[in-house]
Amino acid sequence: FLMIRRPPRSTQSRSSAASDVYKRQVVVNCLRILGCLLGGDDELTQKVIDAGILSHLERFLQERKPKIKMLCLWLLANIGAGNVQQIGLVLRQPLYDLIKRAALVEETQIAKEAIICLANSAHRSSFEQKNFLLTDGIIEVIFQNIEAHDNDTTLCVLRALHDLLTHGEELEGMVNPVAARLEQLGYHLKLERLQASHNDDIYQSAYDIISDFFTVESQ
């Protein structure tokens, strides 16, 4: 369930527009066009990357413009739905830290875009990239507020979580460290509550994770 979507709407009030609104609108329009291109295949995505988009996204994410931040994270989420090499660019510093910070401290709509970006990247990442994300606390970042997400974001996170748990099964040891971390954080209880969702896909995804990775005693 990769999230390649239309551009997010801004939560910024029109009355708060700055005097450079025209210049900002040009940037917004360009980001929307580039985001649509990044929703294509990996080859087209690579052409946009090769044109130097990442340095601009890094700069825009450090500015205090909500609409532009949301669009930048949308672009990065589309790149994160690409191949392993493209995901590696999303996970490079300082870009990765900016995405992670947005997921943790920004207002809801911006945080949602950042979470989708990280979940997309986790879903299609390599063995080594998953190890990095797990070591860096990806579970806490994308899952801590899952019950507050909209349905599409929740499904995106659940798909990433299933992949991370599957990765945990491939690691050495008798216990899946990803499942153990979820239990330590109490997140398996969130999964149980998600089974009460009226959305059939969310219910099924949560059920599959519990049945595949948790014992009866841990439910």
Exercise. Would you mind checking the stretch 101-129 for residues with the amide N under 11 Å from a putative spin-label position 7 Å along Cα→C-beta of Gln93?
Key: none
Quiz item: Roughly to the nearest percent, how much of the accessible area of the chain is carbon and sulfur, given a 1.4 Å probe?
Solution: 50
Self-check item: Net dipole in debye of the chain [+1 Lys, Arg Cβ; -1 Asp, Glu Cβ; about Cα centre; nearest 20]
Solution: 1400
Quiz item: Glu128 to Thr166: extension gain in nm, 0.36 nm per residue of separation minus the Cα-Cα distance?
Solution: 12.3 nm
Practice problem: With r as the distance between the Cβ atoms of Leu37 and Met174 and R0 = 35 Å, compute the FRET efficiency 1/(1 + (r/R0)^6) and round to 0.05. | Solution: 0.15
Quiz item: Just one of (i) 52, 22, 16; (ii) 29, 21, 14; (iii) 32, 19, 14 is semi-axes √(5λ) of the Cα gyration tensor in Å as worked out from the coordinates here. Which one is it?
Solution: (iii)
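DSSP loop GluC sites (Glu not before Pro) in the stretch 39-106 with at most 15 other Cβ atoms within 10 Å of their Cβ, which ones?
Glu63
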Exercise. Using amide H atoms built 1.01 Å from N in the peptide plane, name the residues 5+ places from Asn83, or on other chains, whose amide H lies under 5 Å from its own.
Key: none
Quiz item: Does a label point 7 Å from the Cα of Gln204, set along Cα-to-beta-carbon, have any residues of the stretch 121-141 with amide nitrogen under 11 Å, and which are they?
Solution: none
Quiz prompt | Accessible area per residue, Å², the chain with all protein chains present, probe 1.4 Å | solution = 51
Quiz item: Which order do Tyr187, Tyr22, Tyr96 take by accessible area at a 1.4 Å probe, largest first?
Solution: Tyr22, Tyr187, Tyr96
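Restrict the search to the stretch 113-177; then list the chymotrypsin sites (Phe, Trp or Tyr not before Pro) that DSSP places in a loop and that have at most 12 other Cβ atoms within 10 Å of their Cβ. If you can, show how the numbers build up before the last one.
Numbers: sites: Phe127, Phe132, Phe143; in loops: none.
Listed in order of number, the matching sites amount to none.
The values are calculated or read from the model by the stated rules, or taken from the named source; none is laboratory data. Keep in mind the model is a prediction, meaning the values are calculated, not measured. No Cβ is skipped: glycine too gets one built from the backbone with ideal geometry, and neighbour counts run over all protein chains shown. Surface accessibility is based on the protein's heavy atoms, side chains included, excluding ligands, DNA and RNA. Shrake-Rupley method; radii C 1.70, N 1.55, O 1.52, S 1.80 Å.
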